Amino acid sequence: QVTLVESGGGLVQAGGSLRLSCAASGIAFSSRPMGWYRQAPGKQRELVAAITTGGSTNYADSVKGRFTISRDNAKNAVYLQMSSLKPEDTAVYYCKLEATRLLDYWGQGTQVTVSS
């Protein structure tokens, strides 16, 4: 059984930082692309950052220069370092594992709230 467990969310003031973690189990992690998504109230879920098996990354324009995605294959984990947080970054953040082109696994989400 594949499970993804996010942690590290919380309440932070604008300009602050948070580091999200996502621990995977039940699947060969190192051979799967990973991503972080977020969903704010009343909005669609959107891609925040993604990382390939080789370590290549891409980011949403709204977070470029502020967020950094990384992975540690030895720990079966992916991270999202978030800096210079803004109130508009408030959302539930989810990690996604791409098992195949047709199958994704999602974590349960972690709430990030940025106060102004």
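Remarks
- Options Asn58, Asn73: the member that is over 15 Å from the mean Cα position of the chain (by Cα) and either of a type outside the set (A, V, I, L, M) or under 17 Å from Gly8 (Cβ atoms) (or both): Asn73
- Yes/no for Arg32 being buried (at least 17 other Cβ atoms within 10 Å of the Cβ) and modelled with pLDDT under 95: yes
- Yes/no for Val5 being out of contact with any helix residue (DSSP H, G or I) (no Cβ under 9 Å at 6 or more places or on another chain), exposed (fewer than 15 other Cβ atoms within 10 Å of the Cβ), of a type in the set (A, V, I, L, M) and modelled with pLDDT of 95 or more: yes
- Within segment 50-77, residues that are closer than 16 Å to Phe29 by Cα and without any contact (Cβ under 8 Å) to a residue 24 or more places away in the chain have Cβ atoms under 8 Å from residues that are small (Gly, Ala, Ser) and crowded, with 16+ Cβ neighbours inside 10 Å in these pairs: Ala50/Gly35, counting only partners at least 6 apart in sequence or on another chain.
- Selection count where residues are open to solvent by 40 Å² or more (accessible area, probe 1.4 Å) and of a type in the set (Phe, Trp, Tyr), scope segment 55-111: 3
The values are calculated or read from the model by the stated rules, or taken from the named source; none is laboratory data. On a predicted model such as this, the values are computed, not experimentally measured, just so you know. Positions of Cβ are backbone-derived with ideal geometry, glycine not excepted, and every protein chain shown enters the neighbour counts. The accessibility values were calculated without ligands, DNA or RNA, using every heavy atom of the protein model including side chains. Shrake-Rupley method; radii C 1.70, N 1.55, O 1.52, S 1.80 Å.
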